[in-house]
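The values are calculated or read from the model by the stated rules, or taken from the named source; none is laboratory data. Everything numeric here is computed off the predicted structure, so don't read it as measured data. We place every Cβ from the backbone using ideal geometry, glycine too, and count neighbours over all the protein chains shown.
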Amino acid sequence: MLKLIRSNFSSYTRIKFLGLNTQKILNIASQNKIVLKNVVRTDYASLEADVSAQDVKRLKRLVGEEYKCISVKRKGVYYSAAANKKRVSLFASMLIAVALLITASNRIFVVRVHGYENKDKIVQLVKEAGMVSWRQTALEKAQQVKDAIIASDKDILWSSISVKGSAIDVYIKKDNSLKIPQAQKGNLVASKDCVIKNLVVTSGTGKVENGQLVSAGQTLIEGKTTLGETEFSVHAEGKALASVWYFATEEIPLTESVYEKTDNVKIMRSVKVFGMTAGQKGNNSFEHFVSEQERIKCFFLPLEIIDTKITETKLKIIQTDIEAASREAESQLKARLLSEIPSDARLFETKTLLQEQDGMLKVSVYIETIENVAVRG
Amino acid sequence: MVDKTVIHSFGLPAESAGIPRLSLWDDNFLVAENHKGVLDVKSQCVKIYLKERLVGINGENLSISELDGCNLKIKGKILSIEYLT
């Protein structure tokens, strides 16, 4: 076995000997302890044999000029090394690449989390502990991070960290058993001003009656109950359906002042040379006006003519389109109020009021809802 | 020179005393130890000197797989071995 391996790695040259009585070469080699392998007579006057790299020159010298020696093939580590000995940069870069690969394999690049939904939180914990660096550092900090993971969430039963190759695997076991929710203490109070429609007391004592006007923060259900002469503290539970009013208002002016164009028009002309005003014709004597400008540029000349058309305007008072304005105001107010109303509230009634006062139109929108106003106080 | 009879009686290796030896493995390999030279090499016949005598190995596709000092290995289909002198 070893011989086979050695023979595959050893270097040899296949030489073709040309001449008469080529068997003489075999005897010369035999007498001088030169090993020949795979000796084959290819022709009457030619013989081929494998000679080791170390014996080639000696054999050629012994054979002399009587026979012609032709190298047919060269094989082996010796010849490969000789052919590549000038390729220093190639071997150096191969060495550097291998060294870099070995170095990179000692670094941690990937963190994988198994058995926990909030993977980002765990990855962040691992990174903050400095585990995403050299593998040796990661192994040293594994226990510390494991304890930190368990402490971060009370539902985590155990965690395990495995550092293999360039990856860290974090295994987490969560406590998925059913938990009895703990009862919250405190009375139930009204979250806003309202009129109680229906008070349902599941546990505790009701402090208001149906149809009563209550203010925000007023106790609706108290966490106490009386049995005989003894008073017990209980967990207040219940529901309070109440009418709640949402209100918004906006004022719209009844008249509007606008500047209207008249028939009085003037044209002013000015000339600019190299960007500076060289001349101007006409002047503006209107108190209120609008202007339009037209610029004319001359080709290849630094000359610009500006024509300004001035139209006189007059103040005019016009009546507002009340219907359109009130419709728009109403829709805006309704949209605003609806955004304030909770999603579980039921709309009961919507009212819009229009009122003229001191030259203004007041638009008011009222929305009545039925909703549960009981909240833990 | 140790007597051949003594070597044979004691079961000592013959090649250690310079006595030529031919070993035939099936009909594909032949090892000749302590030969005195090669007279001819052909694919049908290989002639070698063993001490004073000439031995011819006849066969098909014969070639010398290794020639090392006084040891010689022949491979190929060996049909007959004969003393020519």
query: So which residues in the range A:263-296 are surrounded by fewer than 12 Cβ atoms within 10 Å (Cβ to Cβ), farther than 26 Å from residue A:314 by Cα, in contact with a strand residue (DSSP E or B) (Cβ under 9 Å, 6 or more places away or on another chain) and not β-branched (Val, Ile, Thr), if there are any at all?
result: A:274, A:275, A:278, A:279, A:295
task: Provide a single number: the residues in the range A:108-122 that are outside any loop (DSSP other than H, G, I, E, B) and either modelled with pLDDT under 90 or farther than 15 Å from residue A:166 by Cβ (or both).
output: 6
statement: How many residues of the range A:17-46 are more than 7 Å from chain B (Cβ to nearest Cβ), assigned to a strand (DSSP E or B) and of a type in the set (S, T, N, Q)? The answer is 2
field: Qualifying strands (runs of 3 or more DSSP E) (wholly inside the range B:1-53; at least 2 residues being at pLDDT 90 or above and exposed (fewer than 15 other Cβ atoms within 10 Å of the Cβ))
entry: B:21-25
query: Among the candidates A:98, A:88, A:56, A:77, which residue alone is in contact (Cβ under 8 Å) with a residue 40 or more places away in the chain and surrounded by fewer than 17 Cβ atoms within 10 Å (Cβ to Cβ)?
result: A:77
- request: Exactly one condition in (1) within 11 Å of chain B (Cβ to nearest Cβ); (2) buried (at least 18 other Cβ atoms within 10 Å of the Cβ) is not met by residue A:12; state its number.
  value: (1)
query: Does the range A:254-275 contain at least one residue that is hydroxyl-bearing (Ser, Thr, Tyr) and modelled with pLDDT of 90 or more?
result: no
statement: Considering the range B:23-44, residues that are closer than 13 Å to residue B:77 by Cα and touching an Asp or Glu at 6+ places or on another chain (Cβ under 8 Å), and then whichever is farthest from the other protein chains (Cβ to nearest Cβ), we arrive at B:44
message: With the structure loaded, tell me whether residue A:210 is surrounded by 15 or more Cβ atoms within 10 Å (Cβ to Cβ) and either within 23 Å of residue A:370 (Cα to Cα) or not charged (D, E, K, R) (or both) or whether it fails that test.
response: no
- line: Selection from the range B:47-85 of residues within 14 Å of another protein chain (Cβ to nearest Cβ) and either over 19 Å from residue A:51 (Cβ atoms) or in contact (Cβ under 8 Å) with a residue 60 or more places away in the chain (or both) yields B:47, B:48, B:49, B:50, B:54, B:56, B:57, B:59, B:60, B:61, B:62, B:76
